[in-house]
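Quick notes on the structure that follows.
The values are calculated or read from the model by the stated rules, or taken from the named source; none is laboratory data. Treat the numbers as computed from the prediction; the structure is a model and nothing was measured. Counting neighbours? That spans all protein chains shown, and the Cβs are built from the backbone with ideal geometry, glycine included. Protein only, heavy atoms only, side chains kept; ligands, DNA and RNA dropped before computing areas. Shrake-Rupley method; radii C 1.70, N 1.55, O 1.52, S 1.80 Å.
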Amino acid sequence: MTLATEVSMATSAGIAPAPPRAAAVVRAFTTVPPGGYRHPVLEAAAALAAEHRLRAGVHRIVGDHQADDPVVAAAARTARSRDAACAVLIDRIDRWATTELAEGRAGVLHTESLGQLIDRMVTVWMRGQLLADARLDASDPEVRVASAQLGELGRAYDDLVTDLRLGRRRLPRLQTPTGPAGMA
């Protein structure tokens, strides 16, 4: 059964759709399915990946020692804007998780939110994309590390989702605000 079928059946039955598997989340970083995303976490993950792509370009400008000061200043303002946009998307994922995932009081507290974990997945995925853009060979140690990190984060995400659904773990209730209202 496909994820779209599961989400559709769960929604029709009045049951909250399960969080998508890590493979679907990573796929959302680059691929938009026909008709768009049917799961709010995938939609937010795709938007988060787009923001990270924009941030990577802006950070290249900020780090360019030969760039003019006005260009660097404009890039820094854009970076702050992109950071705020990422925070909003992380919050969107966290609000979904808070609303849709039953909290097991007996479950062991996980140290980060679902949105924060997906953001880390995007960060590692983006590092891999930048290394690929630099035309580094797949056997390059940096490429291998990025790939291994993404695999580990994907397994950790899938384990967390399983544990959340079984009540073995719970997400933090009081999270550090990361959206525009919580940014310093």
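At a glance:
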| read-out | value |
| --- | --- |
| Protection-proxy order for peptides 113-124, 22-33, each taking the mean of Cβ atoms within 10 Å per residue, highest first | 113-124, 22-33 |
| For ARG170, residues with placed amide H under 5 Å, excluding near neighbours | VAL108, LEU109, HIS110 |
| Highest-first arrangement of 152-163, 127-138, where packing means the average Cβ count within 10 Å | 152-163, 127-138 |
| Under-5 Å amide H pairs with PHE29, H placed in peptide plane, nonlocal only | none |
| Charge context of CYS86, other residues only, Cβ under 10 angstrom, K/R +1, D/E -1 | -2 |
| Accessible surface, the stretch 14-82, averaged per residue in Å² (probe 1.4 Å) | 56 Å² |
| Net charge, ASP163 excluded, C-beta distance under 11 Å - Lys, Arg +1, Asp, Glu -1 | +2 |
| ³J(HN,Hα), Karplus 6.51/-1.76/1.60, whole Hz, each residue of the stretch 74-83, x for Gly, Pro | 5, 5, 5, 5, 5, 4, 4, 5, 5, 4 |
| When the stretch 77-164 is reduced to its Cα atoms, the Kirkwood hydrodynamic radius in Å | 14.8 Å |
